[in-house]
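The values are calculated or read from the model by the stated rules, or taken from the named source; none is laboratory data. Every value quoted in this text rests on a predicted model; they were computed, and no experiment measured them. All Cβ positions, glycine included, derive from the backbone under ideal geometry; neighbour counts span all protein chains shown.
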């Protein structure tokens, strides 16, 4: 298997040829992918909010944003600008420090999780050996921020919303981790790159979705609940709790919550693509196609095509899942808090456990197909 | 005992499958709605053509009015203000001012219906919003103005309402101007009856 383009290696080599020591060259390289990923994630959010409006409008036979730029593409930009310029109100008798810290603690871990999202063999910020574990542990920091925000707001609705959000995040983390664990067991690695590698080679047939038919459903339900997406949006159920823990927030602090919910959605979609839909893998094995046309595996333009196709495929798969989430939003009514906890503890958890055990058994009996 | 447990498990599984199927059905409904065209009328740029019997802002012709105050009497809230005095020279009532407050009017059309000289009539105007509610109190000059017709406004794309569309057409956008609405005119029905005989 050809490793594909190694931008980092070539960049550092070029700098070292210019006479820089290796450490300095690496230090110059490091902020580049990080900045790119930050910009990419923010752009992803802008696109997602636009899609959310347009798809919601289409599902309700409306037009949606139309006059703000072509097809209303500038609507999310206008949103962001409005939030930046709004007054930043801190309510009376609230805990100022916790109130400010809340949204920050919610946002930072989600952006940090982008560390492990791969867009290609070498197109990832770092290939952490414990990548998926890092994501799961980072995602459990967010409920602390939500609790903080809810508690510091000095508002009963905010407190209730924060408590609900924490309860929801904590109870859905377990089925999420269990479904991820089954995938990890099959690929013998926690690294996202290895997980994709293990799925590649057979095109669409090799993807984990065929080997984890129960796992991907559990993962998607749990991920939607983690993101507080629509059927599970009871922390901010506006009929009961005004806006949950966001009630007292305005300006950029509210913007951070808004941003974090969408970044989290995109992140979940990306990780779903990585875990179950073969990440950057094309539905038809690419080297098979290349051999068919008669192009050598090592030709540089093939590698460029491969890399760009990988990015496109990852983003495409992720946005397909975002689309599914938006469609679900207009299909499924919001669950009650007891139904939510029932679903989490009495359905997803046992099914997730059974799925894990079944995967383990299958791995022992068919080591060829289940990565023994 | 184990049989009972197995039955519980299978019942639970059945319910789960059923729930999943219902969610799938729901998703197919929302997905199907996405390919339907929006029926949105983009208001300031597109407007529906009001029907013939539309009850909009009231038009008033000052010179026709005989100050009989019938409009006041039939109005549910005695809204029109008729300011007249008796002119001794001509031995007739002379109208000085006439006004209707459209912030209070319910557009029932009773005044128009009962006016003996037909000096009141309904217009197609319905966008009456102002920054100050007192601006909605129209005096006889304001009441005498005619609104812009939707079909003659160069800024507006007029759209037909549903009942004015040809048979089977649900979409007013891009309809040719000479497209006829469903059904026949009374004259045509009469003609048809005459032809039958």
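Consider residue A:126 against the criteria (1) part of a helix (DSSP H, G or I); (2) more than 14 Å from chain B (Cβ to nearest Cβ): it satisfies all of them except one. Which criterion is unmet?
Condition (1) is where residue A:126 drops out.
Return a yes/no flag: does segment B:52-73 have any residue that is loosely packed, with under 15 Cβ neighbours inside 10 Å, touching a residue at least 60 places away in the same chain (Cβ under 8 Å) and touching a helix residue (DSSP H, G or I) at 6+ places or on another chain (Cβ under 6 Å).
Yes: one or more hits.
Looking at (1) crowded, with 17+ Cβ neighbours inside 10 Å; (2) over 30 Å from residue A:9 (Cα atoms); (3) under 22 Å from the mean Cα position of the chain (by Cα); (4) more than 14 Å from every other protein chain (Cβ to nearest Cβ), find the lone condition where residue A:52 falls short.
Failing condition for residue A:52: (4).
If a residue must be surrounded by 24 or more Cβ atoms within 10 Å (Cβ to Cβ) and in a helix (DSSP H, G or I), how many such residues does segment A:149-158 contain?
Of all residues in segment A:149-158, those surrounded by 24 or more Cβ atoms within 10 Å (Cβ to Cβ) come to A:149-150, A:152-153, A:158.
Applying the additional criterion that residues be in a helix (DSSP H, G or I) yields A:149-150, A:152, A:158.
Number of matching residues: 4.
Output the residue which, of all residues in segment A:297-341 that are more than 16 Å from residue A:276 (Cα to Cα), assigned to a helix (DSSP H, G or I) and without any contact (Cβ under 8 Å) to a residue 24 or more places away in the chain, is nearest to the other protein chains (Cβ to nearest Cβ).
Selected residue: A:339.
Can you tell me which of (1) surrounded by 14 or more Cβ atoms within 10 Å (Cβ to Cβ); (2) part of a helix (DSSP H, G or I); (3) more than 23 Å from the chain's Cα centre (by Cα) is the one residue A:348 doesn't meet?
Every condition holds for residue A:348 apart from (3).
If you go through segment A:363-372 one residue at a time, how many are touching a residue at least 40 places away in the same chain (Cβ under 8 Å) and in a helix (DSSP H, G or I)?
1
Pull up segment A:159-195, narrow it to residues that are more than 18 Å from the chain's Cα centre (by Cα) and within 16 Å of residue A:219 (Cβ to Cβ), then point me to the one that is surrounded by the most Cβ atoms within 10 Å (Cβ to Cβ).
A:182
I'm trying to understand the selection: among the residues of segment A:222-234, which are in a loop (DSSP other than H, G, I, E, B) and within 19 Å of residue A:271 (Cα to Cα)?
A:227, A:228, A:229
Can residue B:8 be described as under 30 Å from residue A:347 (Cα atoms) and either without any contact (Cβ under 8 Å) to a residue 24 or more places away in the chain or more than 8 Å from every other protein chain (Cβ to nearest Cβ) (or both)?
When the stated conditions are applied, residue B:8 passes them.
Does segment A:352-368 contain any residue that is over 23 Å from the mean Cα position of the chain (by Cα), over 15 Å from residue A:233 (Cβ atoms), modelled with pLDDT under 90 and within 14 Å of another protein chain (Cβ to nearest Cβ)?
No, there is no match, as no residue in segment A:352-368 is over 23 Å from the mean Cα position of the chain (by Cα), over 15 Å from residue A:233 (Cβ atoms), modelled with pLDDT under 90 and within 14 Å of another protein chain (Cβ to nearest Cβ).
Mind checking which residues of segment A:235-252 are assigned to a helix (DSSP H, G or I) and either on the phi > 0 side of the Ramachandran plot or crowded, with 24+ Cβ neighbours inside 10 Å (or both)?
Within segment A:235-252, A:235, A:244, A:245, A:246, A:251 qualify.
All but one of (1) modelled with pLDDT of 90 or more; (2) more than 27 Å from residue A:52 (Cα to Cα); (3) within 14 Å of another protein chain (Cβ to nearest Cβ) hold for residue A:346; state the number of the condition that does not hold.
Checking residue A:346 against (1) modelled with pLDDT of 90 or more; (2) more than 27 Å from residue A:52 (Cα to Cα); (3) within 14 Å of another protein chain (Cβ to nearest Cβ), the one that fails is (1).
Exactly one condition in (1) within 17 Å of residue A:262 (Cβ to Cβ); (2) within 14 Å of chain B (Cβ to nearest Cβ); (3) free of Cβ contacts under 8 Å to residues at least 40 places away in the same chain is false for residue A:81; which is it?
Here residue A:81 meets the rest and fails (2).
Might you check whether a residue that is modelled with pLDDT under 85, farther than 22 Å from residue A:364 by Cα and either under 23 Å from the mean Cα position of the chain (by Cα) or buried (at least 21 other Cβ atoms within 10 Å of the Cβ) (or both) occurs anywhere in segment A:204-226?
Checking segment A:204-226: at least one residue is modelled with pLDDT under 85, farther than 22 Å from residue A:364 by Cα and either under 23 Å from the mean Cα position of the chain (by Cα) or buried (at least 21 other Cβ atoms within 10 Å of the Cβ) (or both).
Kindly provide the set of residues from segment B:112-136 that are buried (at least 16 other Cβ atoms within 10 Å of the Cβ) and either free of Cβ contacts under 8 Å to residues at least 12 places away in the same chain or farther than 13 Å from residue B:56 by Cα (or both), ordered by number.
B:115, B:119, B:136
Could you please find all residues in segment B:172-184 being under 22 Å from the mean Cα position of the chain (by Cα) and either assigned to a helix (DSSP H, G or I) or surrounded by fewer than 11 Cβ atoms within 10 Å (Cβ to Cβ) (or both)?
First, the residues of segment B:172-184 that are under 22 Å from the mean Cα position of the chain (by Cα): B:172-175, B:177, B:179-183.
Listed by number, the residues that qualify are B:174, B:177, B:183.
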